[in-house]
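Rule-based calculations on the coordinates, nothing more; no lab input. Here the structure is a predicted model, which means the values were calculated and not measured. Cβ placement follows ideal geometry from the backbone for every residue including glycine, while neighbour counts extend to all protein chains displayed.
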């Protein structure tokens, strides 16, 4: 596998431009993105709960990490990583189908 050539990649910037991710701001030094599926499937209160609960959980594990949370019986994935273009950590909150 060391000799495999990467012929394409899909970046956070691509996902934002295509509308699959929406940046909802920054908390501390971390950018926070939601997926379009999450926005469609959760109401406003559930979205707020997902953001607060997700950021609280992800702080326990740092970057990179991935945690699963429950928001009113709906499974939500919170993943943290690093955006090399922005040079900042990124937390992406999504539904399992987005993974």
With 0.36 nm assigned to each residue of separation and the Cα-Cα distance removed, residue 41 to residue 82 gains 12.2 nm
In this structure, the FRET efficiency calculated for residue 20 and residue 70 from their beta-carbon separation, with R0 = 25 Å, to the nearest 0.05, is 0.60
Listed residues 75, 85, 46; largest mean-square fluctuation, Gaussian network over the chain with Cα springs below 10 Å, found at 85
As I understand it, the value is the acute angle between the Cα axis of helix 44-61 and the longest principal axis of the Cα atoms of the chain; what does it come to in degrees, rounded to 10? 60 degrees
Sorted by Cβ neighbour density within 10 Å, fewest at the top, the residues 93, 69: 69, 93
Shape descriptors of segment 59-99 over alpha-carbon atoms, Rg and Dmax in angstrom, are 11.2, 35
Computed Rg/Rh of the chain, alpha carbon atoms with Kirkwood Rh: 0.99
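Arranged by the count of other C-beta atoms within 10 angstrom, fewest first, what order do 68, 20 take?
Working: 68 11, 20 16.
Starting with the residue having the fewest Cβ neighbours, the order is 68, 20.
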Relative counts (whole %) of C-alpha pair distances in segment 8-61, using bins that are 5 Å wide: 4, 17, 25, 24, 19, 8, 2, 0
Describe numerically, in nm with one decimal, the distance between label points set 7 Å from Cα along Cα→Cβ at residue 3 and at residue 63. 3.6 nm
